[in-house]
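Below is one structure, written out as structure tokens, with a few remarks after it.
Nothing in this text is a laboratory measurement; each read-out follows from the coordinates by a stated rule. Note that the coordinates shown come from a computational prediction; the quantities given were computed from them, not determined experimentally. Cβ coordinates were reconstructed from backbone atoms using ideal geometry, including for glycine residues, and neighbour counts include every protein chain displayed.
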Amino acid sequence: MVFELIKKNRSYRRFDASHELSYELLTSFIESARFTPSGANLQRLRFTIVNEKLACDEIFPALKFAGYLKEWTGPAVSERPASYVIISSESELDTLLAIDLGIAAEAILLTACEAGVGGCMIRSFAPEVIKARIPSGNQIPHMVIALGYPAEKVILTDSKSGDIKYYRDENDDHVVPKLPLDELIL
Ligand SMILES: Cc1cc2nc3c(=O)[nH]c(=O)nc-3n(C[C@H](O)[C@H](O)[C@H](O)COP(=O)(O)O)c2cc1C
């Protein structure tokens, strides 16, 4: 069921770092993005797979995880993502390209989720570090998707009084408040 998959597909930020992802599996996620809609069918987005340990170690410090969790310094070494997909294009983001980006990223994460892999879209990153990992020199990075086998529980809850900040509960589970339907439908 698509609805169940969408609910299961949360942003995961703590992974089992000992569990690697194969290049073939990562390619299958991008194959899914290949068939998504694209404004004017321009298909300007490009994808870079990063799954070698050394390269992942270089990327990790360039990423900002979970801005609302002020006390948390990010995943521990044993919890780090196993792989990354960098999404880029030759041009800066315009409206159509930003929409393409979101659709492609969600397709990657849904396909990953179906395979038992979790991930997180990351827009907060040091661009020069990420750009250096893209084999083609004329690309501008727009998003990094961190991927791995999840090592955390993510709980959805209805937000109260418009408080949308995610938090960790007493069990150290990650809780994500979502606005109730009657606040969304106008
Ligand atoms: C466009 C976009 C940018 C995001 N950037 C970051 C980021 O830089 N770092 C991070 O930890 N999470 C990032 N996220 C994940 C969001 O924080 C997450 O989607 C939100 O907390 C809701 O959780 P959920 O995805 O489980 O519903 C981003 C998500 C989106 C859609």
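If you go through region 158-186 and pick out every residue that is within 12 Å of the ligand (Cβ to nearest atom) and in contact (Cβ under 8 Å) with a residue 24 or more places away in the chain, you end up with 5. Mind checking whether some residue in region 109-129 is within 22 Å of Asn41 (Cα to Cα), touching a Ser or Thr at 6+ places or on another chain (Cβ under 8 Å) and either surrounded by 12 or more Cβ atoms within 10 Å (Cβ to Cβ) or in contact (Cβ under 8 Å) with a residue 12 or more places away in the chain (or both)? Yes, some residue in region 109-129 is within 22 Å of Asn41 (Cα to Cα), touching a Ser or Thr at 6+ places or on another chain (Cβ under 8 Å) and either surrounded by 12 or more Cβ atoms within 10 Å (Cβ to Cβ) or in contact (Cβ under 8 Å) with a residue 12 or more places away in the chain (or both).
A single entry from Ser89, Ser83 fulfils the requirement of being surrounded by 18 or more Cβ atoms within 10 Å (Cβ to Cβ) and more than 21 Å from Leu5 (Cβ to Cβ): Ser89. Restricting attention to region 156-177, the residues that are among the basic types (Lys, Arg) and closer than 16 Å to Ala66 by Cα add up to 2. Regarding region 139-157, can at least one residue be identified that is under 30 Å from Glu90 (Cβ atoms), of a type in the set (A, V, I, L, M, F, W, C), away from the ligand (no atom under 14 Å from the Cβ) and in contact (Cβ under 8 Å) with a residue 12 or more places away in the chain? Yes: one or more hits.
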